[in-house]
Amino acid sequence: MATDIANSRGSDTPIFDGDDASEDNGTDRSAGGLLPIQQPPDDPLPLPSTLSIHGELPSALQSLADMELELRIGQANDALHGLQLALVDKAMIFRNAVRPAKSYSMRTHAWGMIHTVDNLVKKQAKIYKRCQDAMIALHADAKILSRYQELTRSHLTINTAIFQQNAHLHRGDHLPWFWSIDIPKDMESKSWMSEFYRIHWLRAKAVQDRWQEEEELLICEFQWTANFFKYCADEWGKQKLSCDMPQSCGICCYAVRQQKVYDRLAEHCSLKWQGIQLPSV
């Protein structure tokens, strides 16, 4: 029957029957009859960012460079958004899976989830790093480069206290820079992202209020100190005027000396006040 099929297709049509086919078409096959796997090329794509590394881009490619810059900005936003979600996922796993785990199997499963999220964090960080390198190669302006800063290893750590409103000893903690940039629709994919932002907004608001209160107190203390020096100078001036008896000459001299001392201190405070230009309370 195979002969009939071959005759119906024509005498030149080969029948793939074992080694005969490999010999006919000249293809080198392995012992199992499979073609060798060819690895994809490692050469970079000829994009404007890769071409501009070796020098300035020609004017004809400038429009393509602008298009690539817009695409890189969008890709960087996606990478930062994925990085945020992965880091918050990692904090949630530590809080809800790793710490409550009591048995060996539960801990193994929880740490497996941590390793999976770590791989995702590394992937998103690598994508963002390439986007930032492309922005630098495309000669992006200072405004864009100040928004998309360098990503370091310390930025990829997360603390479970970010979900605790009353966590102690964390008032001086600061989030990495990419948490403060505006990424659209970053709270729609994960509902607890709004809780994350709310806690950190309240914590930052509390820090701001404390600094404003500290500033007001320092200004008041400055004024209180100057007023105290003026009060002491006036009091020693009254002591000087009350010394009308001849035997109180020493007391009068001491009062004059103290009055001059506090006058100089009050004058020094006034000059410092004018130098730093603090608002009065």
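Search the range 17-73 for residues being closer than 30 Å to Ile144 by Cα, in a loop (DSSP other than H, G, I, E, B) and modelled with pLDDT under 75, and hand back the single one that is farthest from the chain's Cα centre (by Cα). Lay out the reasoning, then the answer.
Within the range 17-73, the subset closer than 30 Å to Ile144 by Cα is 42-73.
Then keep just the ones that are in a loop (DSSP other than H, G, I, E, B); that gives 42-47, 55-58.
Going one step further and asking which of them are modelled with pLDDT under 75, we end up with 42-44, 55-58.
Numbers: Asp42: 31, Asp43: 32, Pro44: 29, Gly55: 31, Glu56: 31, Leu57: 31, Pro58: 35 Å.
Among those residues, the one meeting the criterion is Pro58.
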Original post:
Are there any pairs, at least 6 apart or on different chains, whose C-beta atoms fall under 6 Å, with the first in the range 249-265 and free of Cβ contacts under 8 Å to residues at least 40 places away in the same chain and the second among the polar types (S, T, N, Q) and assigned to a helix (DSSP H, G or I), and if so, which?
Top reply: Ala255/Gln239
**OP:** Return a yes/no flag: does the range 205-223 have any residue that is at pLDDT 85 or above, among the aromatic types (Phe, Trp, Tyr), in a helix (DSSP H, G or I) and surrounded by 11 or more Cβ atoms within 10 Å (Cβ to Cβ).
**Re:** yes
**OP:** Considering every residue within the range 108-125, establish whether at least one is modelled with pLDDT of 90 or more, within 21 Å of Leu145 (Cβ to Cβ) and not basic (Lys, Arg).
**Re:** yes
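Just to be sure, is Ala167 among the small types (Gly, Ala, Ser) and at pLDDT 80 or above? Don't jump to the end; show me each part of the working.
On the way: among the small types (Gly, Ala, Ser): yes; at pLDDT 80 or above: no.
When the stated conditions are applied, Ala167 does not pass them.
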**OP:** For the range 99-121, name all the residues that are surrounded by 13 or more Cβ atoms within 10 Å (Cβ to Cβ) and free of Cβ contacts under 8 Å to residues at least 12 places away in the same chain.
**Re:** Ala101, Met106, Arg107, Thr116
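The values are calculated or read from the model by the stated rules, or taken from the named source; none is laboratory data. What you see is a predicted model; the values in this text were computed from it and never measured. Note that we place each Cβ from the backbone using ideal geometry, even for glycine, and neighbour counts take in every protein chain shown.
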